[in-house]
1. Of (1) surrounded by fewer than 20 Cβ atoms within 10 Å (Cβ to Cβ); (2) of a type outside the set (Val, Ile, Thr); (3) modelled with pLDDT of 85 or more; (4) farther than 17 Å from residue 124 by Cα, residue 89 satisfies all except one. Which?
2. From 266, 230, 254, 222, grab the single residue that is more than 30 Å from residue 189 (Cβ to Cβ) and hydrophobic (A, V, I, L, M, F, W, C).
3. Return the total of residues in region 118-146 being part of a loop (DSSP other than H, G, I, E, B), at pLDDT below 95 and surrounded by 21 or more Cβ atoms within 10 Å (Cβ to Cβ).
4. Report every pair of residues separated by at least 6 positions or lying on different chains whose Cβ atoms are under 7 Å apart, first residue within region 63-91 and among the polar types (S, T, N, Q), second part of a helix (DSSP H, G or I).
5. Checking residue 25 against (1) in contact with a strand residue (DSSP E or B) (Cβ under 7 Å, 6 or more places away or on another chain); (2) free of Cβ contacts under 8 Å to residues at least 60 places away in the same chain; (3) buried (at least 16 other Cβ atoms within 10 Å of the Cβ); (4) outside any helix (DSSP H, G or I), only one condition comes out false. Which one?
6. Name the residue, out of 209, 159, that is of a type in the set (Ser, Thr, Tyr), under 28 Å from residue 130 (Cα atoms) and crowded, with 20+ Cβ neighbours inside 10 Å.
7. Output the residue which, of all residues in region 224-248 that are touching a Lys or Arg at 6+ places or on another chain (Cβ under 9 Å) and charged (D, E, K, R), is nearest to residue 173 (Cα to Cα).
8. Please specify each residue of region 223-280 satisfying the condition of being among the β-branched types (Val, Ile, Thr) and either over 21 Å from residue 207 (Cα atoms) or modelled with pLDDT under 95 (or both).
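The values are calculated or read from the model by the stated rules, or taken from the named source; none is laboratory data. If you're wondering where the values come from, they're calculated on a predicted model, not measured in any experiment. With ideal geometry, Cβ positions are generated from the backbone for all residues, glycine too; neighbour counts draw on all protein chains shown.
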Amino acid sequence: MAFGSHANSFAGRPVVEVPEEGPLPAVDGPVSWRIARWDFEDDDEDVVSEEFQAAFEEFVAQAGPTVESLVVGAWGYAAFNPAPIEQLCEAAPRLPALRALFLGDMTGEECEVSWMKVGDVSKLLAAYPALEVLRVRGGEDFRFSPVRHPRLRELAVESGGLSREFVGAVLDSELPALTDLELWLGTNYYGGDSTTADLAPLLAGERFSQLRRLGLRNADIADEVARALASAPVVRRIERLDLSLGTLGDEGAAALLAGQPLTHLAELDLHHHFMSEEVAASVVAALPDVRVDVSEPQKPDEYAGESHRYTAVSE
C-alpha cells in the first residue's frame, strides 16, 4: 500500500481545499481546511518552500481566527523542502481556534513517506496548548521531544519506520487527556527499530490513564506486539485495539486468543494481515460481540526459497 489519495475527512469534518487563487470557498458547517503547494521542481534542499509559505500566510490572513481544523499537504517537494513547522508555530497567535492539525497529508507520488523531511513535531504541541487532535506523517528527520500538553486527546504518528527514540519521547510525555494513541511502528529497513521492550511503560498501563483506543499499526513486529498484548495490563481499559497494516500471522493471533479476555473490546482491527483463513475465522468466532476486521489477507513474498511478510507502508 502507498498513500494513493489525500484525506477527504479529518477530525470528523470534511476536508476542503484552499484554492491556489482567489477567495476561500463558502462552506456549510465545520470543515477541515487543507493547504498544499506541491512543486517537484523545487529542489532547493533544506529551504522551506517559498510558494507554500506565501500561500499559508495568505490563508491565515483570510481565515486565521476561524480555523478550527487544518490539514497540511505537500510543502513544495517534501524530499528536499523541510516541513513548515516553524511557520506553523509562529502562526499560533493568529490561529487561536485551531483544535485539530494533520501535518503531512500527501500521496506517494508527491513524496514517499520515508523521504519526507519533517523535524521535531512536538514543537507544534508547545505552540498550540489548546490543540486536541494531532496527526503527523513522516520519515526522514522525524523527531519528537517529551512534552506536557493538558488538552491533547488524539495523537497519531504515521511512518514507514518509527525510531525507538521517537517512541520513547512520546511515552515520556505528559498527556493527561489522551484517549486515542496510534503509532505506526514500521520496519527496521526504514528506521523502525523500536521493540516491545520500548513499549513496556505503555503496555504496563503506566502511561496515559485515560487511553481508550490503542493502535500499534503497520508493524513488522506485529506478532511480538500481539504476544506482549496478550498479558498487558493496558488492554483491560482499552475499548478499541488496532493492530492493522502489519505482519500479524497465526502465531500472533493465537497468542491474543490464548491471553487475557478480549470480550470487553468494542473493536479489534487486524486488517492487512498474514493469518491463515482458518485462524482469521477463529478470531472472529471467539469474539462474537466485538467488531473484528480481518479483511485484506496477504500472502508472503517468496525470495530465494524464503517467505517474507511486509507492512502496508514502508518506503
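1. Condition (4) is where residue 89 drops out.
2. On the way: 230 fails: more than 30 Å from residue 189 (Cβ to Cβ); 254 fails: more than 30 Å from residue 189 (Cβ to Cβ); 222 fails: more than 30 Å from residue 189 (Cβ to Cβ).
Of the residues listed, the single one that is more than 30 Å from residue 189 (Cβ to Cβ) and hydrophobic (A, V, I, L, M, F, W, C) is 266.
3. At the first step, the residues of region 118-146 found to be part of a loop (DSSP other than H, G, I, E, B) are 118, 121, 128-132, 138-141, 144-146.
Checking the rest, the ones that are also at pLDDT below 95 come to 118, 138-141.
If we keep only those that are surrounded by 21 or more Cβ atoms within 10 Å (Cβ to Cβ) as well, we get 118, 138-139.
Summing the residues that are part of a loop (DSSP other than H, G, I, E, B), at pLDDT below 95 and surrounded by 21 or more Cβ atoms within 10 Å (Cβ to Cβ) in region 118-146 gives 3.
4. 87/53; 87/56
5. Exception for residue 25: condition (3).
6. Working: 209 fails: crowded, with 20+ Cβ neighbours inside 10 Å.
Of 209, 159, the one residue that is of a type in the set (Ser, Thr, Tyr), under 28 Å from residue 130 (Cα atoms) and crowded, with 20+ Cβ neighbours inside 10 Å is 159.
7. 237
8. The first filter runs over region 223-280 and keeps only residues among the β-branched types (Val, Ile, Thr), leaving 225, 234-235, 238, 247, 263, 279.
Matches in region 223-280: 247, 263, 279.
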